[in-house]
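Okay, so here's the structure we're looking at.
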Amino acid sequence: MQNRHRPVVTGWQLFCLIVNTIVGTGVYTLARDVAEPAGAGGLLSMLLAGILMVVGLLGLHLLASRFPRQTLNEYIGEILGTFLGKGYLLVYALFTLLIGVSVPRAHFPVVSAWALGQTPQLVFMVPLVFVCWNVARRGVVVTARVVEMINYLTLTLIILLVIPVIPIDLDFVRPLFEKGVAGIAKGILPGLYAFAGFDVFLIVYPYVRTRRKFGIGVAALGLVTFFYLMTTLLIIGNLGIELILMTTWPLQSYLNRFALEIFERADVVFLIAWTFQIINTIVVMLYIAITCLQGAFPCLNASIVYFIVLILAIATTSYQTDYDFETRVRSTYSLIAIGFFWVTPWLLWMVSLLRGKKGESSSEEKSAA
């Protein structure tokens with residue numbers, strides 16, 4: 001049954017949710033990941049990945065706009081039926097949770113190598129996950145407000161990182177097509193992982209009180225794409241492809257050379273500040289996972305769902321594995337997950353069209369008509 005008194009999320013908070021969920025993933029190794037198959041053409045790979053994400057966002061918008069006053073939990077059963085609908089929500093929750101826990105697992109090795117070499121993984125992870133879980137379980141309004149507050153720090157970091165403090169060597173950047181079109185196409189795949197989290201648009205859609213939801217989503221993806229392009233450009237232009245491929249975390253190597261008068265060690269300052277951005281990403285991912293699990297198992301008490309998510313998050317983030325294993329799992333799983341988030345909304349939209357399923361229009365849409 002539809003609830004006509006939903007919490008309200010502003011357009012600005014929607015922008016913050018999309019930006020802050022995305023940029024926490026893959027940022028440390030992104031330049032190397034796209035440069036390995038594409039060389040300097042990784043810049044084009046990132047641009048194409050951003051365009052593909054806009055296409056994926058359109059699918060999310062078309063699906064959600066058919067049921068503007070309902071959440072995914074409420075209308076997925078109308079499209080797929082009760083059994084398949086619950087199965088879809090369960091898969092959605094698990095994929096989101098796995099992406100969410102991959103973010104702090106990728107963050108901790110960098111923090112450990114640069115600043116906290118003697119700190120056990122469990123000591124770092126458990127407080128981080130618990131804080132994020134405590135925010136996420138309080139609902140969309142609290143989640144959006146926390147993300148909005150931290151967003152100002154994120155935007156400051158983005159602005160600082162795209163400033164070309166160190167001169168760029170254009171000789172490192174010019175051979176865009178050195179690896180050919182095939183190399184650029186291969187570079188898109190790791191680029192897609194860096195956009196993980198854009199699907200929060202679908203989950204919070206009915207809560208947002210503005211008619212410009214899709215435009216806000218495109219603006220958020222545009223900012224993230226610009227951020228990725230500029231950081232990749234600066235890293236390639238300063239380190240060169242050969243050095244990047246030998247570097248575990250190219251962004252940190254670049255920041256080690258980055259120097260402003262207010263920063264003595266920009267790489268360490270960035271790690272401390274970026275931890276808050278990681279918190280934002282985990283918060284939203286856990287919120288999505290909780291929401292989808294509640295839809296998949298409506299018979300369960302909310303407290304039980306919260307507890308299940310907390311235990312799974314702590315267990316998976318605290319379990320220690322080697323770096324190579326993490327990389328293989330993340331690259332393999334991420335392609336499946338991103339494909340799921342990008343493709344299934346289009347399929348669900350087409351099924352809803354064929355079956356004539358459509359929710360009641362919102363009052364805003366009626367007034368606009």
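Taking each residue of the range 160-178 that is among the aliphatic types (A, V, I, L, M) and looking for partners that are part of a loop (DSSP other than H, G, I, E, B) with beta-carbon atoms closer than 7 Å, six or more apart or interchain, yields Val165/Phe258; Val165/Ala259; Ile166/Phe258.
Restricting attention to the range 1-27, the residues that are touching a Pro at 6+ places or on another chain (Cβ under 8 Å) and at pLDDT 85 or above total 0.
Of the residues screened, Val131 is one that is touching a residue at least 24 places away in the same chain (Cβ under 8 Å), surrounded by fewer than 18 Cβ atoms within 10 Å (Cβ to Cβ) and under 30 Å from Tyr319 (Cβ atoms). Read through the list (1) within 20 Å of Ala144 (Cα to Cα); (2) in contact with a Pro (Cβ under 8 Å, 6 or more places away or on another chain), then give the number of the only condition that Val224 fails. In the conditions (1) within 20 Å of Ala144 (Cα to Cα); (2) in contact with a Pro (Cβ under 8 Å, 6 or more places away or on another chain), Val224 misses (2) alone. On the given criteria, is Ala196 farther than 21 Å from Met53 by Cβ and crowded, with 22+ Cβ neighbours inside 10 Å? Here the answer is no, as Ala196 does not meet what is asked.
For the range 42-63, a tally of residues being farther than 13 Å from Asp199 by Cβ and among the small types (Gly, Ala, Ser) returns 4.
Considering each residue of the range 286-309 in turn, none proves to be small (Gly, Ala, Ser) and at pLDDT below 90. Pairing each residue of the range 112-123 that is farther than 19 Å from Ala266 by Cβ with any residue that is in a helix (DSSP H, G or I) and not acidic (Asp, Glu), provided the two are 6+ apart or on different chains, yields C-beta distances under 6 Å for Gln121/Phe108; Leu122/Ser318. Taking into account only those residues within the range 169-186 that are hydrophobic (A, V, I, L, M, F, W, C) and in a helix (DSSP H, G or I), which is surrounded by the fewest Cβ atoms within 10 Å (Cβ to Cβ)? Looking at the filtered set, the residue picked out is Leu170.
Okay, residues lined up against (1) closer than 30 Å to Asn134 by Cα; (2) out of contact with any strand residue (DSSP E or B) (no Cβ under 6 Å at 6 or more places or on another chain):
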residue	(1), (2)
Trp249	no, yes
Ala266	no, yes
Val269	yes, no
Ile304	yes, yes
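Residue-level analysis places Leu89 among those that are among the hydrophobic types (A, V, I, L, M, F, W, C), crowded, with 21+ Cβ neighbours inside 10 Å, at pLDDT 90 or above and part of a helix (DSSP H, G or I).
The requirement of being crowded, with 24+ Cβ neighbours inside 10 Å, modelled with pLDDT of 90 or more, of a type in the set (Val, Ile, Thr) and part of a helix (DSSP H, G or I) is not satisfied by Val218.
Does Leu47 count as surrounded by fewer than 20 Cβ atoms within 10 Å (Cβ to Cβ), free of Cβ contacts under 8 Å to residues at least 24 places away in the same chain and of a type in the set (A, V, I, L, M)? Here the answer is no, as Leu47 does not meet what is asked. Take the conditions touching a residue at least 12 places away in the same chain (Cβ under 8 Å), in contact with a Ser or Thr (Cβ under 9 Å, 6 or more places away or on another chain) and either under 18 Å from Leu17 (Cβ atoms) or in a helix (DSSP H, G or I) (or both) and apply them to Leu189. Does it pass? So Leu189 passes the test.
The values are calculated or read from the model by the stated rules, or taken from the named source; none is laboratory data. What you see is a predicted model, and the numbers here were worked out from it, not measured in a lab. All Cβ positions, glycine included, derive from the backbone under ideal geometry; neighbour counts span all protein chains shown.
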